[in-house]
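Okay, structure first, notes after.
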Amino acid sequence: MKKKYFLLFIAGIFLMSGIQAVAQKAENPFLAKKKTSLKSSGQKVPTAQLEKITDAEESSRNTENYDYKSIPFRKTLNNKNFSNSKYEQNGLLMFVEGSPETGASFASRDNESVISAAYSYLKPIAQSMQIKDVDQEFVSMKVWQDELNFTHIKMQQYFEGIKVYGGQIILHGSNGVLNVFNGTYFPTPNIKNIIPKYEMLSAENIAFEDISKIATIGDVKSFDIKQLEYEKAVSELVIYHYDREINSEKLAWHITLRPNFLERWEYFVDAQTGEIINKYNNTCSDGPATANATDLNGQNRTIDTYKVGSYYYLLNATLPMFNPGQGELPDNPVGAILTLNANNTNNDNITHVASSNNTWNDASSVSAHYNGNITYNYYRTTHGRNSINGEGGTIISIVNVADENGGSLANAYWNGKAMFYGNGGGVFYPLAGGLDVAAHEMTHGVIQNTANLEYQNEPGAINESMADIAGAMVDRSNWQMGETITPDDSQYFPTGTMRDLSNPHNGGSSFNDPSYQPMHVNEKYTGSNDNGGVHINSGIINYAYYQLAENISKNKAEKLFYRALSVYMTKSSQFIDCRLAFEQAAKDIYGNNTTEHKAVANAFHAVGIGDAAPGGDEGSGSPGEIEVNPGQDYILSYDVNPSDQTSLYISNTAATEYTAISTTKLKRRPSLVDNGSVGVMITNASEMARIEMTEPFTETVISQELIWDNVAVSKDGMRIAAITTSIDSAIWVYDFGKAQWAKYHLYSPTFSEGVIVNNVLYADAIEWDYTGQYLVYDAYNELQNDDGDDIDYWDVGFIKVWNNASNNWGDGEIFKLFSGLSEGISIGNPSLSKNTPYILAFDYYDQNTDDVLIMGANLETGDVQTIFDNADLGFPNYSKLDDKLVFSANDNSGTEVVGIIGLQADKISPTGEASILIDVAKWPLWYATGNRDLMDVGENELHGNVFTNVFPNPVSNQLKFTINTDDAESFEVNVYNIYGQLMFSENGISKRGITQKTIDIANFPNGTYVVKISVDSRIFNHKIVKAN
């Protein structure tokens, strides 16, 4: 009988602190998993059939399964001083909030003191940011205090003195303490050579050659107006990450090109290869599909002009920002509002709008001048902003702008210097008269001088949305954009308005309709047109703001809009960053958990960005749970006491009663079927054996080939997966129904379709999912490094080796647990939750810090948490209820023990302290002895005299549901995604007999959904899989 020898007189202390952790860590613990054979040694190939291990027969199985996928790696912030932390989809820390008592103090508000406090704040979170040296990698851009007495510091990321493009963070605080962090940035780049092969002029020539194919190249124009001066090319060497992929860093030239006076393009040219990595048109515009416009209705306006000599000019010099001593009038005013005339040219003949008698006949000039004044006053009186640049800079509008061919232009632009207004091009009425158009275009200038949101993809959509929001706040008559410049009979905009914040669909039904915008992230445009949908996807943020303003009032919402933009957003802010910026603005102005704060959360949740506020509409909870095993549970452990011949013990879960079941010495932890009746294992002699888990605990060799390192049995006992002793980059799978072996090649998938990397040498730990289709495994990888030592590491992957639908071999597709691991990090020994297919625990090692951790991950939410700070590999395993985790550890004397720790409801966060459960043991396996349906949501259900069904399943576009009732019954159908968010809802009255209806789910993302059908008081749940 196995004995427990805890020191009872100090049991309370010993149990809570007896597990060795941080203080006594050794070298890389994953070295113990490395094979000793040579790569060139002969490959071991199984040839014999296996003896069947169970009496179970192959049965027709539910074809549903959880579709495994990669998630970004997060280095979770485990510091109690920071109570609120959030992560981007790429796994990077994007928001942290601590209490004022635990923030970084600054003695005064001078820049030096605030900068020092910023570095003090960043150092404890640097590891979670995946930043190696905050002092060297972040440089202050700006320090300022706002009207609420908050202090802010914006910092730019650098690497070896080179700017990291898109890497900007902001820290915030009050009362002498910085306690909030947000921003978008990248892990410390892994670039060895920062000397460019292509010099600046060579890169500019590459960009000019390319732009000449798509834009008109003109000479630099001079209008004797200082504010309109520009250069054809401005270049800077940067570290660039294409599409914000954290492992795609390249040394690049960022080149801003102005091929002509109107257009502004951004190019990124690889400084080592000369390849154009990315390019986009950065001219903020509103065209026929999305532009803002207004009418020229002939109304009399009071406008401010300025007389110089014998002429009057459309120049407002009456504003508080006007500085008469610094400029020359009328050509170069400082702090004025100036309106100019392009004279129906493509900016070839820009002149002043002048009059000898102060009478004005050009309605476009009058409207642009008047609307410029209104928008300036809105920002000054509502937000305390001093002009577009915040520093009293002159505001310039240019009207009567023609297209490149000299025709009427159906557009309005902000080009980084001024607003440009066309006369409609037969699509609109002249655009200069629209107040919301003027506010929209001027706000692009405000954005450029605050967050400077990049004009592509999600940051570009936020950019457009912020401009629309300003347009709606300046012209407050309705929620429409450009309704007064859009003809009633417009073939492009049948509703008579270009965009509608209150209804982004705006009379359209798809992206083929010019007036259509998505209003939820499940409708989001994902193509490359329109700079990645900047004018299209802005409808999502627009609709969130509309709901917010309707809830708390426009007066309150506009305060949040401006503070979120000017204080919390950065160049690369994503939709989730936009939400966090609005939330923090609400907390600053109205307080935490106030009505306004919760309204922000609920408004963004309504469009699919983040969760609802506490107490809000949070959906029905996450579907996808497997029925809990109904049997008695036990723990199987491997004894390491040299004086005890027994190798395997079964104990109760309290570890007070033990049964010895084997003396066979093993290479790895055994694997059991789901009902715990039988297991498989690899002996020290490399044989594969079967063991009965009930008396007399019979052992049988099922493969006498001495070639095995590890083995796992599927939960139903129908398949075996095994690893040989060879370095063969493979997992072998045996199906008892076919009586055949299949070899699955291991590789590393990449982000390029059809491209793989063959850097996987071998696997070690393996475990089946609950459908018998996927294996989760760890593998040893080596990468050749031309600049230094080769890189080796362990990672975790999922591979599909069986297809229940076809009852045949799987396609071998591989998904890595994490889409990108930082250099020096290894993970392994994965183990799935007992009841939730998308949650697992695993071992983690960081050679940069010597951290050895047991971590948990949720593949649906992307959350990653530290469960226990260990001293060695833990080989973790979940309890029957997923409320505890058992694992291998060492006590304070270095003896191997089995530890246990409680888990929170999320199954990846610890609760309480870890304690020693079983002494002188390792490799714990918690199992139960009941039988359960491993995919327990049926394809159809029958309750009494009501029958429901959904089909086809899996489904790609059209999902049908049927309700069969004896009489007419009221029904409701709701479709929820894996987060419990409501995706579709319909109610009605069924007819007698069969009622069949169709749900269009073509725009749903691929994944698992639950269809909840309520008929009268009866509820039917169906799980479906959406797959293209």
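Would you mind computing, in nm to one decimal, how far apart the modelled labels at K232 and V139 are, each placed 7 Å from Cα along Cα→Cβ?
The modelled label-to-label distance comes out at 2.9 nm.
Among the aspartates and glutamates, which have Cα under 14 Å from the Cα of K665 when same-chain residues fewer than 8 positions away are ignored?
Within the straight-line limit of under 14 Å, K665 reaches these aspartates and glutamates: D639, D644, E687, E699, D709.
Name all residues of the stretch 168-185 having a backbone nitrogen under 14 Å from the label point set 7 Å from the Cα of S83 along its Cα→Cβ direction, giving them as ranges.
179-180
Which of D883, D967 has the fewest other C-beta atoms within 10 Å, and how do the rest follow up to the most?
Values: D883 14, D967 11.
Lowest count first: D967, D883.
Report the charge-dipole magnitude of the chain in Debye, nearest 20, computed about the Cα centre from +1 at each Lys and Arg Cβ and -1 at each Asp and Glu Cβ.
800 debye
Given a Förster distance of 35 angstrom, what is the FRET efficiency for E913 paired with T849, based on the Cβ-Cβ distance and rounded to 0.05?
Values: r = 22 Å, r/R0 = 0.64.
Efficiency for this residue pair is about 0.95.
So what is the calculated 222 nm ellipticity per residue for the chain, using -39500 (n - 2.57) for each DSSP H run with n of 4 or more, over all residues, to the nearest 500 deg cm²/dmol?
-4500 deg cm²/dmol
Simple spin-label model, 7 Å along Cα-to-Cβ: N358 to I989 in nm?
Going by the 7 Å Cα→Cβ label model, 7.3 nm.
Tell me, in nm to one decimal, what length is gained between N111 and N807 on full extension, where the rule is 0.36 nm per residue of separation less the Cα-Cα distance?
Residue separation times 0.36 nm, minus the Cα-Cα distance, leaves 243.8 nm.
Can you find, among I153, N179, M94, the residue sitting farthest towards the positive end of the charge dipole of the chain, where Lys and Arg contribute +1 and Asp and Glu -1 at Cβ?
N179
Which residues does a label at N175 reach in the stretch 93-131, if reach means a backbone N under 18 Å from a point 7 Å past the Cα toward the Cβ?
What the label zone holds, given the 18 Å backbone N cut-off, is 97-109.
How long are the three semi-axes of the equivalent ellipsoid for the stretch 519-577, computed from the Cα gyration tensor as the root of 5 times each eigenvalue, in whole Å, largest first?
Result for the stretch 519-577: semi-axes of 23, 15, 8 Å.
Can you tell me which of 231-239, 337-345 comes out highest on packing, and rank the rest after it, using the mean Cβ neighbours within 10 Å?
Most protected by this proxy first, the peptides run 337-345, 231-239.
Fewest first, what order do Y546, Y516 take by the number of other Cβ atoms within 10 Å?
Placing the least packed residue first, the sequence is Y516, Y546.
Which entries in K33/K667; K154/K524; K35/K816; K279/K571; K35/K667; K232/K279 show an alpha-carbon gap greater than 19 Å?
K154/K524; K35/K816
Report the extension gain between S509 and T526 in nm, rounded to one decimal, defined as 0.36 nm multiplied by the number of residues separating them, less their alpha carbon distance.
Gain on stretching S509 to T526: 4.5 nm.
Return S120, S831, S367 ranked ascending by Cβ neighbour count within 10 Å, so the fewest neighbours appear first.
Starting with the residue having the fewest Cβ neighbours, the order is S120, S831, S367.
What is the calculated FRET efficiency for Q740 to K123, with r their C-beta to C-beta distance and R₀ = 56 Å, to the nearest 0.05?
The value I calculate is 0.45.
Expressed as a rounded percentage, what relative contact order does the chain have, with Cα pairs under 8 Å and six or more residues apart?
Rounded, it is 11 percent for the chain.
A 23 angstrom limit on the alpha carbon distance is what I want to check against. Which of K554/K587; K34/K123; K132/K192; K163/K559; K738/K800 exceed it?
In this structure, K34/K123; K163/K559 lie more than 23 Å apart at Cα.
Starting from 0.36 nm per residue, how many nanometres of slack lie between A660 and N452 once their C-alpha separation is accounted for?
Gain on stretching A660 to N452: 68.1 nm.
Simple spin-label model, 7 Å along Cα-to-Cβ: N193 to E275 in nm?
1.4 nm
Could you sort the peptides 173-180, 421-428, 801-808 by per-residue average Cβ neighbour count (10 Å cutoff), highest mean leading? Could the numbers behind the result be given before it?
Details: 173-180: 20.1, 421-428: 23.5, 801-808: 15.9.
Descending packing order for the listed peptides: 421-428, 173-180, 801-808.
Going toward the positive end of the dipole of the chain, with +1 on Lys and Arg Cβ and -1 on Asp and Glu Cβ, which of T443, A599, L338 do you reach last?
A599
No value in this document is a laboratory result; all are computed from the given coordinates. The structure presented is a predicted model; accordingly, all values stated were derived computationally and were not measured. Counting neighbours? That spans all protein chains shown, and the Cβs are built from the backbone with ideal geometry, glycine included.
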